[in-house]
Each structure stands twice: as structure tokens, then as C-alpha cells.
Amino acid sequence: MKHARLTIALGLAALTAACGKKAETPVAVETNQAAPAAAMSGDMGNMAMAPAAPASIMAKGHGTVTAIDKAAGTITLNHGPIPEAKWPAMTMAFKAASAITDAAKVGDKVDFDVTLVGSAGEVTAIQKKP
Ligand SMILES: [Cu+2]
């Protein structure tokens, strides 16, 4: 009995340790990026991959459709602030699938879902406001 209890206690300790390690991971990543000297002698192909693509952010927005380019697959929206991306209100073009560019019309007031990567974004869903 005593032995079994000890095993459980050790298991919990291991879990706790794992959590602590996870929290430290971003620090390790930053350290790698701040050490280009070591990478210089290495493979240039890896260097190009090193500046990791910015994380994508899923966000919701509200705005007005100001242009649609079905051939280019873009929709331009005059949108309000998007706090998830720390974006102010602006007018900009987003990538959009044909289902979205076909459904939307210039002048529509819409709520939309958007996936943002850096300064670019793709509208993944759009809903016209009544
Ligand atoms: Cu914008």
C-alpha cells in the first residue's frame, strides 16, 4: 500500500515538473533566434526557415464591404478595430474563398471571421448584418 501511494506522489511531481518546463519553452526559442553566429556556418536553407512565420490569429471583425475582386479572390473591408491583433480600424483587402466573394456585395455591413498572419489576413466566414 505504502509503495503504491509513493508512486502516485512521484507521478504528480513529474507532471508538475512538465508544466514548469512548458512555461519556459518560449524563452528557449528566443535564445535560439538571438544566436545567429552559430547558425552562420550552417546550412543557409535552415537560416531562411529560422525567422519563424508569425503565429496566425483567429479573430472576429465587423465592417463594410468596399470592394470585391472575384478573380483575385479578395474582399476589401472597411473594418473596425480588431483587438486580437491590436489592429485599429482600417480599410484593407483580405484573401477570401469564392464562396465568400460570391455571397458578399459591396456596401454590405458584415460580421466576419478572419485568420491573420502578420499584416495579411484571410476572411474565412462572413455574415451579412440585417
Ligand atoms: Cu485591417
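Read-outs: derived from the displayed coordinates by stated rules, not from any lab. If you're wondering where the values come from, they're calculated on a predicted model, not measured in any experiment.
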Q.
Just to check I understand the Karplus step: with θ = phi - 60° and J = 6.51 cos²θ - 1.76 cosθ + 1.60, what whole-Hz values come out for segment 107-114, glycine and proline as x?
A. x, 4, 8, 9, 9, 9, 9, 9
Q.
Please list log₁₀ I(q)/I(0) at q = 0.24 Å⁻¹ for segment 56-128, using the Debye equation with identical point scatterers on the alpha-carbon positions.
A. -1.05
**Q.** Fully extended contour minus Cα-Cα distance, from residue 64 to residue 125, at 0.36 nm per residue
**A.** 20.5 nm
Q | Net length gained if the chain between residue 98 and residue 84 were fully extended (0.36 nm per residue, minus Cα distance) | A | 2.5 nm
